[in-house]
Amino acid sequence: MNSYRRKAAILIALVSTLLAIAASTAAWFVAQESAEHATVQLAVEESRRMIGQFDVADLNGPDGEAIATRAAKTLAGGLFEIAEVYDQDGTLLADWSTPAGKRLESQIDDHSSVLSQEPSYQALYSADGRWVLRVTVPLFDGAATDAPIAYFEGVRLVPDWQRQNMLDATLAAALMAALAAIACGLVIYPIVVHLNDENDRKSRDLLASHIALLEAMGKAVAKRDSDTGDHNYRVTDIAMAIGERLGLGKKPMRALLSGALLHDVGKIGVPDRILLKPGKLDDQEMALMRSHVPQGEDIVQGIPSLDEARDVIAYHHEKWDGSGYPRGLAGEDIPLNARIFAVADVFDALCSPRPYKEAMPFETAWGIIRDDAGSHFDPRVVDAFRPVVRRLHQLHFGGNGGRSRQLLERDIRRYFF
């Protein structure tokens, strides 16, 4: 499992777990509320049915207490352990309790006012932890009226079997909600992975096209003043090897590779009579040759994908002591990637044949680089180059045709893919 898939699996599992907890908790409360409501509705219907056997209007008459007592006695012992009947003003007319109800009376809080237009209930717990429902039911006579003419209040001790059934139903609802959340995560994961793989493939294709464009542009320029385009491959791999020795991160290494491939892109604007002149350039010709730096900057200006190459393009001819061009920067004012590339570029130029010179032997070329540390080159970069210079010379100038291109492909895979 690659890094993205592992992260996606962890995140989706985490989100699914949190959703499962949230959904199951919500389902638990909803199911419990629904079970309570169903129980209360049953109690309301039963109490109204039983009270309906008596003339509700008579509860406010002279025989109200006697009628209320018979009604409370009828309701107590059925659904309710305690039954109380009140008149239209909320005054207690009668109450009746079963033996269990009498024990409950001292274990639950006193009720609040019974005056209400709608049935209501309270979920309570007795001292011994048993579940109790207190139900208040407004009573109306047969005539259309807005106000109740009496009230009934009953206390029901929910039996263990009913409580267990409600608990089982609540647990089942919570479990189903949790399983649904987890199932969603299992379904979403392959979809997310597929979409990412597709996006990754397109990104790789786009990146490969970008790198191919960098390579083609650099190779086209390199072929103008060397026998092949291998110069770009060699100087890029040498610069990358120095960057690795200096511990550069992935992002600056990518910028170094892009800049190395395009370092002389501005030479497109330099005439062949100057670029390929076998002899020494005069001052005017040298000025034209040096113009390839600002021309290179202009070429990549405003192109976001090429912006990271700008440091190498713009500053690779600057020198540590400030005697370089075009800006005369010195020391650490020169971007590090440009300082690295300057060493790689000069070393490759010394070791390569050109129309105006022969290739130098390794010892001569390395001696020049070593002696110019502190003047032309950053001494720290030269020190980083020292342990790998001979190996790099053997790799790139040892007669292994095509090896430089293979090494560049390795660098591209490592830092771009």
Of every hundred units of 1.4 Å-probe accessible area on the chain, the number belonging to carbon and sulfur atoms, as a percent, is 55
Against the longest alpha carbon principal axis of the chain, how many degrees, from 0 to 90 and to the nearest 10, is the axis of helix 230-245 turned?
60
As a test question: what accessible area, to the nearest 10 Å², does Trp28 have when a 1.4 Å probe is rolled over all protein chains in place?
80
Sorted by accessible area with a 1.4 angstrom probe, largest first, how do Glu65, Glu153 fall?
Glu65, Glu153
Hey, what angle do you get for helix 362-371 against the long axis of the chain, alpha-carbon based, 0 to 90 degrees rounded to 10?
70
What accessible surface, in Å², does a 1.4 Å probe find on His396, ignoring ligands, DNA and RNA and rounding to the nearest 10?
20
Rounded to whole Å, sorted largest first: equivalent-ellipsoid semi-axes of the chain, Cα gyration tensor
96, 21, 18
What GluC sites (Glu not before Pro) in the stretch 323-417 are in a loop by DSSP, with at most 12 other Cβ atoms within 10 Å of the Cβ?
Glu358
Full-stretch length increase - Ala26, Asp205 - with 0.36 nm per residue and alpha-carbon distance subtracted:
59.8 nm
How large is the accessible surface per residue of the chain, computed with a 1.4 Å probe and reported in Å² as a whole number?
51
Report for the chain the percent antiparallel among DSSP-assigned beta bridges with both residues inside it, nearest 5.
95
Given a Förster distance of 56 Å, the FRET efficiency implied by the Cβ-Cβ spacing of Lys357 and Lys7, rounded to the nearest 0.05, works out to 0.55
Sorting Ala94, Leu350, Gln32 by the position of each Cα along the dipole of the chain (Lys, Arg +1; Asp, Glu -1; all at Cβ), the one nearest the positive end of that ordering is Leu350
Compute the helix-to-body angle for 250-261: its Cα long axis versus the longest principal axis of the chain, expressed 0 to 90° and rounded to tens.
30
Kindly sort Thr74, Thr236, Thr98 by accessible area of their heavy atoms, largest first, with the probe set to 1.4 Å.
Thr74, Thr98, Thr236
Got a number for the accessible area of Val40? Probe 1.4 Å, square angstrom, nearest 10.
10
Full-extension gain in nm, Ile191 to Gln406, via 0.36 nm per residue minus C-alpha separation
73.7 nm
Stretch gain in nm, segment Asp160-Glu105, where the contour uses 0.36 nm per residue and the Cα spacing is subtracted
17.9 nm
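The values are calculated or read from the model by the stated rules, or taken from the named source; none is laboratory data. What you see is a predicted model; the values in this text were computed from it and never measured. Cβ atoms come from the backbone with ideal geometry, glycine included; neighbour counts cover every protein chain shown. Side chains included, ligands, DNA and RNA excluded: accessible areas come from the protein's heavy atoms. Shrake-Rupley method; radii C 1.70, N 1.55, O 1.52, S 1.80 Å.
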